[in-house]
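The structure appears right after this line, and notes come after that.
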């Protein structure tokens with residue numbers, strides 16, 4: 001996945017330079033927006049998706065002179081809000097901010113058939129491959145190698161707090177399959193219950209975004225064993241990757257994107273993409289992302305965004321028959 005990403009970024013560098021350098025002639029001509037834009041986040045307030053949307057919204061307002069109002073429509077792991085966005089009037093005033101992780105996992109478990117091709121894709125604005133496997137100190141794992149040795153010798157002995165069928169569960173499942181070990185995945189709900197489960201000793205481990213567990217890692221209450229990435233993250237360089245630990249193919253990330261209902265004027269779709277590309281150069285945005293979620297800015301315009309999501313889906317779809325097996 002990382003090699004594909006590198007090739008994609010290199011291939012689109014020149015294209016993006018031209019793309020971002022001109023606010024596309026067609027996009028410049030369209031009179032949009034002339035009123036507030038509704039930005040649907042298909043999760044409750046307070047999570048990572050909501051954070052990214054609320055980081056972008058005021059910056060988009062500065063560019064366009066119109067409010068980008070966050071509307072949280074939670075339920076069914078993002079499916080309810082995403083479905084409502086897909087069915088909205090394609091007039092440019094309803095935008096979905098969602099990510100590939102839950103969208104594709106929901107498809108794999110049969111919860112929905114809604115995918116990225118059911119939208120007018122504008123751009124990918126965030127990429128996060130920072131899901132970490134953490135252990136409570138009471139579990140007494142010294143490091144990732146120690147965990148892997150014990151987990152392989154004791155199948156299903158260790159309990160891992162996660163959200164089934166959320167993206168953290170998918171990342172955990174990839175680790176299991178690539179690392180030839182089995183744990184007992186425990187569906188505890190969102191990030192808060194995961195933290196409580198590990199700190200309270202109800203589960204030995206949890207799989208969650210690094211940022212969610214960071215304060216507990218830094219305080220020494222949790223040990224970060226490995227991260228679901230191909231390369232070490234410069235924001236937490238001491239945590240080994242799954243690839244380094246011999247879990248070949250276990251790296252996985254999720255792409256957060258802006259998308260409109262199908263049928264939306266292409267000039268509007270591209271104009272938003274141009275604006276998000278411009279925002280990527282904002283140092284405040286970069287610092288907010290590093291501080292809050294320990295990731296770097298990332299951007300792909302319309303066509304590159306769709307191809308990137310196709311690649312992520314191809315990778316995840318290969319696990320369709322193995323995701324929920326016993």
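Throughout, read-outs are computed from the coordinates displayed, never taken from laboratory work. This structure is a prediction, so every number in the text was calculated from the model and none was measured. Cβ: placed from backbone, ideal geometry, glycine included. Neighbour counts: every protein chain shown.
Annotations
- The stretch between residue 303 and residue 157, if pulled fully straight at 0.36 nm per residue, gains 48.0 nm over its current Cα-Cα span.
- Kirkwood hydrodynamic radius over Cα pairs of the range 207-326, then Stokes diffusion coefficient at 25 °C and 0.890 mPa s, in µm²/s: 144
- Sequence of 64, 97 once ranked by neighbouring C-beta atoms within 10 Å, starting from the fewest: 64, 97
- The alpha carbon centroids of the range 132-194 and the range 30-72 are separated by 35 Å.
- Å³ per residue enclosed by the Cα convex hull of the range 131-227: 79
- Extended-chain gain in nm, criterion 0.36 nm per residue less alpha-carbon gap, residue 182 and residue 221: 11.6 nm
- For 69, 105, 302, 112, order by how many other beta-carbon atoms lie within 10 Å, fewest first: 69, 112, 302, 105
- The angle between the Cα long axis of helix 144-153 and the longest principal axis of the Cα atoms of the chain comes to about 60 degrees, rounded to the nearest 10.
- Footprinting exposure proxy for 121, 245 (fewest neighbouring C-beta atoms within 10 Å first): 245, 121
- With Cα atoms, 0 to 90° folded angle of helix 266-279 axis to the chain main axis: 60
- As a rough guide to protection, the peptides 72-79, 277-284, 134-141, 159-166 ranked by mean Cβ packing within 10 Å, highest first, stand as 159-166, 134-141, 72-79, 277-284.
- Rounded FRET efficiency, nearest 0.05, which uses the C-beta distance separating residue 290 from residue 66 and R0 of 25 Å: 0.30
- Each peptide among 145-154, 122-131 gets the average number of other Cβ atoms lying within 10 Å of its residues, and from highest to lowest they stand as 122-131, 145-154.
- Rounded FRET efficiency, nearest 0.05, which uses the C-beta distance separating residue 142 from residue 248 and R0 of 22 Å: 0.45
- Taking 10 °C and 1.306 mPa s as conditions, the range 29-137 diffuses translationally at an estimated 106 µm²/s according to Stokes-Einstein applied to its Kirkwood radius (Cα pairs).
- Evaluated at q = 0.08, 0.09, 0.13 Å⁻¹: base-10 log I(q)/I(0), Debye formula over Cα of the chain: -0.36, -0.46, -0.93
- Extension reserve of the residue 231-residue 266 stretch, reckoned as 0.36 nm per residue once the Cα distance is removed: 9.0 nm
- Pair residue 325, residue 113: separation of 7 Å Cα→Cβ label points (nm): 2.6
- Taking the C-alpha atoms only, the angle from helix 283-293 to the longest principal axis of the chain is near 30 degrees.
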